[in-house]
Amino acid sequence: MINLIRTTSENPDFIELVKQLDAYLKITDGDEHEFYNQFNSIEALNNVVVAYDNITPVGCGAFKPFDNNSVEIKRMYVIPETRTAGIGKQILKDLEDWAAIIGYTSCILETGKRQTEAVEFYRKCNYTETEKYGQYKDMENSLCFKKDLG
């Protein structure tokens, strides 16, 4: 049984899961890791979801406001041993529901072309590729996605 907890970036289980995510991204991002990493601070994230299998943290995700209508999905991660169990979809759906409840109408996100599992995951969750935004505009490795809520 997976339990989802809404929390903040001060949650120690979230912090530990993000360390695992960053270790993975350091490998897949290669030389571009430092560029991407500067935009992935978890300080002051007020909308965080941590997934637990009983008492074991197995995944996380967060969002932060992007503009008046959109939130940016950040720090999505599920531990490798549980990746085929649908936990990522549960986390993402909870983040989307939470954003909608507080008045946002869409979600955007960036992922790397090299994170092929992530690209496939977001497409399966009805995210569509959109124009690159902000700091990702000129990054060859970046793919940006959007989903309208509601």
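Modelled label positions at residue 117 and residue 3, each set 7 Å beyond Cα in the direction of Cβ, lie 2.6 nm from each other.
Short-range pairs are left out: with C-alpha atoms under 8 Å and at least six residues apart, the relative contact order of the chain is 20 percent.
Residue pairs exceeding 21 angstrom between C-alpha atoms, taken from 19/124; 64/137; 19/74: 19/124. Here the relative contact order of segment 45-115, from alpha carbon pairs under 8 Å that lie six or more residues apart, stands at 30 percent. Calculated FRET efficiency, residue 68 to residue 135, Cβ-Cβ distance, R0 = 22 Å: about 0.65 to the nearest 0.05.
The ratio of the alpha-carbon radius of gyration of segment 62-150 to the globular-protein estimate 2.2 N^0.38 Å is 1.05.
Modelled spin-label separation between residue 148 and residue 46, with each label point placed 7 Å from Cα along the Cα-to-Cβ direction: 2.8 nm. Taken along its three principal axes, the alpha carbon spread of the chain comes to 42, 36, 29 Å, from the longest extent down to the shortest.
Just so you know, all these numbers are worked out from the coordinates, no wet-lab data involved. All values derive from a computational prediction rather than experimental measurement. Counting neighbours? That spans all protein chains shown, and the Cβs are built from the backbone with ideal geometry, glycine included.
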